[in-house]
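Reviewing the structure listed below.
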Amino acid sequence: MPPLPAWPSSPLRRPLVALLALLVGAVACAVGAGPADAAKSARAATPDHPRYDVTLRADADGTHWKGRQQVSFRNASDQPLREVYLRLWGNGEDACGTPGSPSPVTVSRVRGGTASGLSVDCTALRITLPTALERGRRTAVSFDLSLTVPERNNRFGREGAFRFLGNALPVLAVHDATGWHLDPYVSTGESFYTLAGDFRVTLDHPSALQVPATGRTRTGPGTPGRTLTHSDAHRVRDFAWAAGPFRTATQTTPGGVRVRSYWSPDTPAEGVRLTRRDGAAAVDRFSTEYGSYPYGELDLVMTPRFGGGMEYPGLVLLGTEEEGSAVVHEVAHQWWYGIVGNDQYRAPWLDESFAQYANARFYGWDTRDCWAPDEWTDQDAALTSPMAYWTEHPGTYHLVYTAGSCALADLERTLGTATMARLLKRYAHDHWYGVSTTADFKKTAQSMTDKDLTSFWQTHRIR
Ligand SMILES: [Zn+2]
């Protein structure tokens, strides 16, 4: 999610704009076998190791997509799995729609289970399994899927002839020791929480449309005038794509990542140049700092009026102005949210503060004294507060970006730069393709130093 309408590349504007950061609206395992693992597996996040097989066909301009989706999954918990929930996040803005304007995401002809009513404003669909799934067993559900891209400029929306299909594919909700995670959709920020899985997606579309997508994509001929875009994505939390008459360019970074850029013809050329340059540099730099980018390919999708940016595995949407875009922040999300997962509703700082700290370091911002205790007027507020808190206090959500990156910069000064670098690499390694929590991060940080970090956490409202 973006910190800014457009991310400045001018050194003079950086600190000022950082302080003025606005939230704009693109707007968000293994299981052991021994007795010692029993308690852990009873709490294990499930269903895990999902695999999504999707075939969709687009209409002439990529507004409507129809087809079939299958989701297979494993029960990682000791408790028999009797049901699963699909999250239909694409219905987040429109909820259940109106009689004349139904929800943009509809699921029908469910096989492999029995669908009951939609809940959570039509963003959750429960499917009861025919028999309880024991630990370690796999099964699958499948359904017809119909998507209508809404008429708003949004992560699931459009800009002119360009369609953005972020959060359009239904994904499995997570169940753990606290039960099912069925949090509400939020427009500002993200509610999304998924376990890493594999996607195999075939998109059948008019050949006039370019279709950037999560994963490694290849195209082949379809019926006359149509193209099949195939994508394979492994160990990702979500799958997004776009469609439109994009201009394109491909480069391979010195680190070996294929960066494919897509932009609408009205995107400022200088902004495209800066975004391509910084995006390529960022993916290599963060590979060095946090662990190699594992997906091989990264798509940068640029249009001039998209609000800020939005991260998906292997694909970022970027509002791009003359001065550039939020590409570095969004590329950092490939690690903080994507590779190192977190419950973005419960602990948004674990993705946003970390991405913005990476962004600040990339651009060399001066972060001394940027932690400002006066900004925290609510004594109950924590940097680590959930989206439920920020939704109630939308005027302070920017603190997750601004104060959050300052807190991590202060931690770097407390630990020393070399130790902070080792901490982030170890933390990423320990939770690679997994899920992290605030407690996990604090524990790893404390393990790196003889200093007692208790007062640091208190001062920086990391609870
Ligand atoms: Zn973000």
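Values quoted throughout were computed directly from the atomic coordinates according to the rules given, and no laboratory measurement underlies them. In this text, all values refer to a predicted model and were calculated from it rather than measured experimentally. In this analysis, Cβ positions are derived from the backbone assuming ideal geometry, glycine residues included, and neighbour counts consider all displayed protein chains.
For the pair Ala418 and Thr250, what calculated FRET efficiency results from E = 1/(1 + (r/R0)^6), where r is the Cβ-Cβ distance and R0 = 35 Å, to the nearest 0.05? Walk me through the numbers on the way to the answer.
Details: r = 36 Å, r/R0 = 1.03.
Rounded to the nearest 0.05, the efficiency is 0.45.
Where nothing but the Cβ of Lys and Arg (+1) and of Asp and Glu (-1) is charged, how large is the charge dipole of the chain around its Cα centre, in debye to the nearest 20?
Details: 47 positive and 49 negative charges, 287 e Å.
For this selection, approximately 1380 debye.
Go ahead and collect, in residue order, the members of region 374-402 whose backbone nitrogen is under 13 Å from a label point 7 Å along the Cα-Cβ direction of Tyr363.
In region 374-402, the label zone of Tyr363 (backbone N under 13 Å from the point 7 Å along Cα→Cβ) covers 402.
If you take the charge dipole of the chain about its Cα centre, with +1 on Lys and Arg Cβ and -1 on Asp and Glu Cβ, which of Pro130, Ala332, Ser261 is farthest toward its positive end?
Farthest towards the positive pole: Pro130.
Just to be sure I understand the model, the point goes 7 Å from the Cα along the line to the Cβ. What's the resulting Arg218 to Thr459 distance in nm?
Going from the Arg218 label point to the Thr459 one covers 5.5 nm.
Could you let me know the centre-to-centre spacing of region 177-252 and region 408-452, using Cα atoms, in angstrom?
Between the Cα centres of region 177-252 and region 408-452 lies a distance of 32 Å.
Given the Cα-Cα distance of Gln379 and Thr128 and 0.36 nm per residue of separation, how much length would full extension add, in nm?
Fully extending the segment from Gln379 to Thr128 adds 86.0 nm.
Computed over the Cα atoms of region 139-239, what is the ratio Rg over Rh, Rh following Kirkwood? Before the final figure, lay out each step's value.
Working: Rg = 15.7 Å, Rh = 15.7 Å.
Using only Cα positions, Rg/Rh for region 139-239 is 1.00.
I need two numbers for the chain: Rg to one decimal and Dmax as a whole number, Cα atoms only, in Å.
Every Cα atom of the chain included, Rg and Dmax give 21.4, 67 Å.
Provide the FRET efficiency to the nearest 0.05 for the Arg426-Ser101 pair, computing r from the beta carbons and using R0 = 60 Å.
So the FRET efficiency works out to roughly 0.75.
In debye, nearest 20: dipole of region 294-386 around its Cα centre with unit charges on the Cβ of K, R (+) and D, E (-)?
For this selection, approximately 240 debye.
Give me the dipole magnitude in Debye, nearest 20, for region 361-424 about the Cα centre, with unit charges on the beta carbon: positive for Lys and Arg, negative for Asp and Glu.
420
Roughly what would the spin-label model give for Ala161 and Ala269, points 7 Å off Cα along C-beta, in nm?
Here the modelled spin labels are 2.0 nm apart.
If R0 is 41 Å, what FRET efficiency do you get for Ser447 and Ala60 from their C-beta distance, rounded to 0.05?
0.15
Tally Lys/Arg at +1 and Asp/Glu at -1 over every other residue whose Cβ is under 14 Å from the Cβ of Gly222; what's the total? Present the calculation step by step, with values, prior to reporting the outcome.
Details: positive: Arg57, Arg218, Arg226; negative: Asp59, Asp204.
Net charge around Gly222: +1.
What ranking of Tyr185, Tyr389 emerges when the number of other C-beta atoms within 10 Å of each C-beta is taken as an exposure proxy, fewest first?
So the ranking, lowest neighbour count to highest, is Tyr389, Tyr185.
Roughly what would the spin-label model give for Arg68 and Thr288, points 7 Å off Cα along C-beta, in nm?
Each label point is offset 7 Å from its Cα along the Cβ direction, giving 4.9 nm.
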